[in-house]
Amino acid sequence: MYTGSSAPGVEVGDVVQLRGYFDSFQGTDQLVSSDLVSRLAGADVYAPLLVTLAEASDGSATAAGLASLFVRIEGASVASQNPDNPKDYDETGLSSGLRLDDLLWPELDNVFPLGTPFSSLQGIAGFSFGHQKLYPRGPADLASP
């Protein structure tokens with residue numbers, strides 16, 4: 001749900017019913033001109049879909065089908081601290097070509113040293129600016145071994 005600069009009025013774990021128009025921005029699905037119809041606070045009943053790193057990464061035949069889904073990836077490591085060097089878009093390159101992006105969690109920065117392992121990562125799968133992305137929602141979405 002795209003809300004521009006306004007806060008959406010929901011929290012991670014809420015179950016919501018929305019009404020709006022489907023749109024795509026840089027390959028990522030979004031609802032625009034949306035209204036919150038109902039909200040069940042703190043339900044957290046939606047488990048992520050377990051996918052492999054290869055399935056969600058650049059060049060994968062299955063990655064486009066994961067767009068906008070809540071996914072979990074087990075076992076990944078940092079392959080590039082700043083894959084767009086010398087420009088810096090606060091993205092972290094993972095092994096296999098997937099990128100961690102700060103779209104949903106602006107405090108996420110690309111400060112992880114090369115080789116940093118993650119036992120699991122979860123967030124919303126997407127595509128923007130020519131690359132497959134994982135949009136973590138907050139610190140709980142990144143787990144270290």
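The values are calculated or read from the model by the stated rules, or taken from the named source; none is laboratory data. Since we're looking at a predicted model, the values are computed, not measured. Cβ placement follows ideal geometry from the backbone for every residue including glycine, while neighbour counts extend to all protein chains displayed.
Give me a count of the residues in region 58-73 that are touching a residue at least 40 places away in the same chain (Cβ under 8 Å) and on the phi < 0 side of the Ramachandran plot. It would help to see each step written out before you state the result.
Residues of region 58-73 touching a residue at least 40 places away in the same chain (Cβ under 8 Å): 58, 60, 63-64, 66-73.
Within this subset, residues satisfying the condition of being on the phi < 0 side of the Ramachandran plot are 58, 60, 63-64, 66-67, 69-73.
Count: 11.
Identify all residues within region 126-145 that are crowded, with 20+ Cβ neighbours inside 10 Å and among the small types (Gly, Ala, Ser); write none if there are none.
GLY126
Of all residues in region 22-68, how many are closer than 25 Å to PRO145 by Cα, in contact with a Leu (Cβ under 8 Å, 6 or more places away or on another chain) and surrounded by fewer than 17 Cβ atoms within 10 Å (Cβ to Cβ)?
2
Assess whether GLU55 counts as being in contact (Cβ under 8 Å) with a residue 24 or more places away in the chain and either in the same structural domain as GLY20 (by TED's automatic domain parsing) or acidic (Asp, Glu) (or both). Reasoning before the result, please.
Values: in contact (Cβ under 8 Å) with a residue 24 or more places away in the chain: no; either in the same structural domain as GLY20 (by TED's automatic domain parsing) or acidic (Asp, Glu) (or both): yes.
Taking the combined requirement at face value, the residue does not satisfy it.
Just to be sure, is LEU50 closer than 16 Å to GLN122 by Cα, free of Cβ contacts under 8 Å to residues at least 60 places away in the same chain and not charged (D, E, K, R)?
Values: closer than 16 Å to GLN122 by Cα: yes; free of Cβ contacts under 8 Å to residues at least 60 places away in the same chain: yes; not charged (D, E, K, R): yes.
It is true that LEU50 is closer than 16 Å to GLN122 by Cα, free of Cβ contacts under 8 Å to residues at least 60 places away in the same chain and not charged (D, E, K, R).
All but one of (1) within 13 Å of the chain's Cα centre (by Cα); (2) at pLDDT below 95; (3) assigned by TED's automatic domain parsing to the domain that holds LEU108 hold for ASP29; state the number of the condition that does not hold.
So ASP29 meets the others, but not (3).
Could you check region 69-88 and list, in sequence order, the residues that are under 17 Å from PRO136 (Cβ atoms) and surrounded by fewer than 14 Cβ atoms within 10 Å (Cβ to Cβ)?
GLY75
Search region 134-145 for residues that are under 12 Å from THR116 (Cα atoms) and assigned by TED's automatic domain parsing to the domain that holds LEU103 and pair each with any residue that is part of a strand (DSSP E or B) and at pLDDT below 90 when their beta-carbon atoms are under 6 Å apart and the residues are at least 6 apart or on different chains.
Pairs found: none.
Do any strands (runs of 3 or more DSSP E) lying entirely in region 39-126 carry at least 3 residues that are of a type in the set (A, V, I, L, M, F, W, C), and which ones are they?
Details: elements: 49-51, 70-80, 92-94.
Filter on region 39-126 gives 49-51, 70-80.
Do you know which residues across region 103-118 are more than 12 Å from LEU53 (Cα to Cα) and in contact (Cβ under 8 Å) with a residue 24 or more places away in the chain? Lay out the reasoning, then the answer.
As a first pass, look at region 103-118 and keep what is more than 12 Å from LEU53 (Cα to Cα): 103-117.
Result: LEU103, LEU104, TRP105, LEU108, ASN110, VAL111, PHE112, PRO113, LEU114, GLY115, THR116, PRO117.
Taking region 57-82 as the region of interest, how many residues are under 19 Å from PHE112 (Cα atoms) and over 13 Å from the mean Cα position of the chain (by Cα)?
Of the residues in that region, 9 qualify.
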